[in-house]
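Structure first, then comments.
The values are calculated or read from the model by the stated rules, or taken from the named source; none is laboratory data. Everything quoted here is computed from the prediction, not taken from an experiment. Side chains are part of the model used for accessible areas, which takes the heavy atoms of the whole protein and leaves out ligands, DNA and RNA. Shrake-Rupley method; radii C 1.70, N 1.55, O 1.52, S 1.80 Å.
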Amino acid sequence: MARNSSNRANVPEAKEWLNQMKYEIANEQGINLKEGYNGDLTAKENGTVGGYMVKRMIEQYQGK
């Protein structure tokens, strides 16, 4: 995803899609991700969500 110098998504729809994916994956993994502050989550929990997001994006790119 292309980003400009202020680190904001250039395509608003992409940000919405990524946010939705984040919550879907957290739910699938049993991680209690909520809107707003999530500082109570462990690095492992956050890493799990991020890792599965990358995995899903690669799979979608490859057409799986």
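For this structure, a couple of remarks:
- Dimensions of the stretch 17-56 along the principal axes, based on C-alpha atoms and rounded to the nearest Å, stand at 25, 19, 14, largest first.
- In the full protein context, the chain carries 81 Å² of accessible surface per residue, based on a 1.4 Å probe and ignoring ligands, DNA and RNA.
- Which of K64, K34 is most accessible, then next, and so on - probe 1.4 Å: K64, K34
- Applied to the stretch 20-37, the Karplus parametrisation 6.51 cos²θ - 1.76 cosθ + 1.60 on θ = phi - 60° returns per-residue 3J(HN,Hα) values of 4, 4, 4, 5, 4, 5, 4, 5, 4, 8, x, 9, 7, 8, 10, 5, x, 6 Hz, with x for Gly and Pro.
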